[in-house]
Amino acid sequence: LTAWTTTTLAPSHDILPPKSLDHLESLSLAQPYANGRVTIGLGFDFYFLPREAVVGTFERFRKAGVKLITSHVAKNAVFGTASTVELLHSYGLLGPDLVLSHATQLTREEHALLHGAGVHVSSTPSSEAQTALGWPVALRSDVHGSLGVDSHAFCGSSILSEARAALLLARQETNAALLDKGRWGWGIR
């Protein structure tokens, strides 16, 4: 924000304001907190920025001690069809400190890049179904997957409910392919 008073609220047009980045860096450098139970992470989704800005941001905060970097990644009409995974790979930024939210509609090659670099995926089945992001990847063997919860505006906060949704959607994905072929999954193991 550039102004916030009782009568004015003016947003900043700078998506990476130096004051905010400096504050996050100082918090990162001062960690750990609560005897190591709390660490600082970075959320980053601005892959439309020039390479220098993306790489510079990752390098700055990794050097400052950020333990986790999260990003939303999917390929569809909302997120676009360009490969964020290939972009991250070409920039040398894939690593085990990166957690991607969703990672739906990716190719096998993209998932192989993520798996090989130790990147984890947080799959949020309820929100992925609600927002038509594609089939959840949490149960795939080629994904370092985990379950997460997403926006509480349309999803609950129960990880057990997300596990149930993941199971139901995995069954639906398998059954939909069979039904398209005029088959039924009764005898499939």
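The values are calculated or read from the model by the stated rules, or taken from the named source; none is laboratory data. These figures come from a predicted structure and were not determined experimentally. Here Cβ is always computed from backbone atoms with ideal geometry, including for glycine, and neighbour counts include all displayed protein chains.
Brief remarks on what is shown
- Only listed residue being more than 22 Å from Leu29 (Cα to Cα), touching an Asp or Glu at 6+ places or on another chain (Cβ under 9 Å) and surrounded by fewer than 15 Cβ atoms within 10 Å (Cβ to Cβ), chosen from Arg108, Arg51: Arg108
- For the stretch 45-84, the candidate set comprises residues that are of a type in the set (Val, Ile, Thr) and in a loop (DSSP other than H, G, I, E, B); within that set, the residue that is farthest from Ser20 (Cα to Cα) is Thr81.
- Pairing residues of the stretch 68-94 that are touching a residue at least 40 places away in the same chain (Cβ under 8 Å) with residues that are loosely packed, with under 15 Cβ neighbours inside 10 Å and assigned to a strand (DSSP E or B), at Cβ distances under 6 Å and at least 6 apart in sequence or on separate chains, gives Thr70/Gly43.
- Any hit, the stretch 77-88, residues being in contact with a strand residue (DSSP E or B) (Cβ under 9 Å, 6 or more places away or on another chain), under 20 Å from Leu42 (Cβ atoms), modelled with pLDDT under 95 and not charged (D, E, K, R): yes
- Matching residues, the stretch 94-110, being assigned to a strand (DSSP E or B) and out of contact with any His (no Cβ under 9 Å at 6 or more places or on another chain): Thr104
- Residues satisfying the stated conditions in the stretch 140-156, i.e. in a loop (DSSP other than H, G, I, E, B) and buried (at least 18 other Cβ atoms within 10 Å of the Cβ): Val143, Gly148, Asp150, Cys155
- Arg108 of a type in the set (Lys, Arg) and in contact with a Phe, Trp or Tyr (Cβ under 8 Å, 6 or more places away or on another chain): no
- Sole exception among (1) over 21 Å from Glu110 (Cβ atoms); (2) modelled with pLDDT of 90 or more; (3) out of contact with any helix residue (DSSP H, G or I) (no Cβ under 9 Å at 6 or more places or on another chain) for Glu162, by number: (3)
- Failed item, numbered, when Gly118 is tested on (1) exposed (fewer than 13 other Cβ atoms within 10 Å of the Cβ); (2) at pLDDT below 90; (3) part of a loop (DSSP other than H, G, I, E, B): (2)
Quick grid of which residues meet (1) of a type outside the set (A, V, I, L, M); (2) more than 15 Å from the chain's Cα centre (by Cα):
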position: Ala3; (1), (2): no, yes
position: Asp14; (1), (2): yes, yes
position: Ser28; (1), (2): yes, yes
position: Val38; (1), (2): no, yes
position: Gly41; (1), (2): yes, no
position: Thr57; (1), (2): yes, yes
position: Arg62; (1), (2): yes, yes
position: Leu93; (1), (2): no, no
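- The listed residue being surrounded by 15 or more Cβ atoms within 10 Å (Cβ to Cβ), under 25 Å from Thr107 (Cβ atoms) and not aromatic (Phe, Trp, Tyr), out of Val78, Val85, Val66: Val85
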